[in-house]
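Note sheet for the following structure.
The values are calculated or read from the model by the stated rules, or taken from the named source; none is laboratory data. Quick caveat, the model's predicted, so the values are computed rather than measured. Don't worry about glycine lacking a Cβ; one is built from the backbone with ideal geometry, like all the others, and counts go over all protein chains shown. These area figures cover heavy atoms from the full protein model, side chains too; ligands, DNA and RNA do not enter into them. Shrake-Rupley method; radii C 1.70, N 1.55, O 1.52, S 1.80 Å.
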Amino acid sequence: MTARYGFNGWPTSTADESGNGHHLRILSFGGGRLRLVEHGPGTALAFPGKCTDPVCPHVVLQSTTSADLNPGSRNLAYGADVLLPPGQTSTGQNVLQKGYSRTSSQYKLQIDGAAGHPSCVLVDQFRPTIRIARSRISTADGRWHRIRCQRAADRLEIYVDGVPYGGTSVPATLSVSNNRPLSIGAKGPYRDNDQFNGVLDNVWVRIG
């Protein structure tokens with residue numbers, strides 16, 4: 001495992017349980033806060049709820065920049081346990097991402113639209129075509145779901161609770177490499193950040 005976050009306990013930063021040192025900082029805007037909630041034998045992190053005010057509370061967890069979180073063209077898998085109520089959906093909510101589609105390269109897990117269908121995204125560092133594997137089912141039903149994105153050679157697939165629900169072809173040469181941090185729960189702490197409005201647990205990245 002390249003990085004793993006179980007969110008058990010409440011430090012000022014969130015430890016990387018993989019042992020690889022990709023610890024997370026908590027960054028906020030507009031009074032954004034995280035809450036610990038019970039999940040199984042441990043705890044999970046609840047992010048700020050849906051907000052339509054001019055200034056909304058935002059919060060994100062971000063790693064320090066690290067080259068080990070860049071997969072290049074190697075196989076890649078990443079995912080999280082997600083709980084999102086149906087009334088908390090929006091046009092775009094980011095669960096996990098590294099990089100940006102327009103300015104670098106990217107891998108991302110998001111839950112978009114009023115129906116709350118998750119999707120996995122890859123963007124090559126040289127050709128900025130957005131490749132998306134979108135789930136046929138919604139995960140915005142107020143229950144826990146385990147979502148996994150998996151890139152193997154020329155295929156990107158999305159799994160929900162262990163079942164494949166969507167996929168797309170990608171170039172075998174597609175490469176993700178950038179100097180951006182790993183971000184969890186949003187793009188960043190600023191206003192237009194695609195804030196996640198649910199609860200996350202067991203976030204992970206595996207390269208190779």
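Can you send over the carbon and sulfur percentage of the accessible area for the chain, probe radius 1.4 Å, protein chains only?
48 percent
Using each residue's phi in segment 155-168, evaluate 6.51 cos²θ - 1.76 cosθ + 1.60 at θ = phi - 60° and report the 3J(HN,Hα) Karplus result to the nearest Hz, with x for Gly and Pro.
Rounded to whole hertz, the list is 9, 10, 10, 10, 10, 10, 6, x, 10, x, 10, x, x, 7.
Which ³J(HN,Hα) values in Hz, rounded to whole numbers, follow from the phi angles of segment 71-85 under the Karplus curve 6.51 cos²θ - 1.76 cosθ + 1.60, where θ = phi - 60° and Gly and Pro get x?
x, x, 9, 6, 4, 8, 9, 7, x, 6, 8, 10, 10, 9, x
Per 0.36 nm of contour for each residue apart, how much would the distance between His23 and Val37 grow if the chain were fully extended, relative to their Cα-Cα spacing?
This chain segment gains 3.0 nm when fully extended.
Restricting things to alpha carbons, tell me how big segment 110-208 is in terms of Rg and Dmax, in Å.
Gyration radius and largest Cα-Cα distance of segment 110-208: 13.9, 39 Å.
For Arg146 paired with Arg74, estimate the spin-label separation in nm (one decimal), with each label point 7 Å from Cα along the Cα-to-Cβ line.
Placing both labels 7 Å along Cα→Cβ, they lie 2.4 nm apart.
Need one word for segment 6-101: rounded, prolate or oblate. Basis is the Cα gyration tensor (sqrt eigenvalues a ≥ b ≥ c); a/c below 1.5 gives rounded, then a/b vs b/c decides.
Prolate shape, in that a/c is at least 1.5 and a/b is the bigger ratio.
Just going by the charge dipole of the chain, with Lys and Arg at +1 and Asp and Glu at -1 on Cβ, which of Ile207, Leu36, His23 is farthest out on the positive end?
Positive-most Cα among the choices belongs to Ile207.
³J(HN,Hα) across segment 171-180 via Karplus (A = 6.51, B = -1.76, C = 1.60, θ = phi - 60°), whole Hz, x for Gly/Pro?
Calculated HN-Hα couplings, in order: x, 4, 8, 3, 10, 10, 8, 7, 9, 8 Hz.
Which entry in [x] 24, 23, 19; [y] 29, 19, 17; [z] 24, 19, 17 matches semi-axes √(5λ) of the Cα gyration tensor in Å derived from the coordinates of this structure?
[z]
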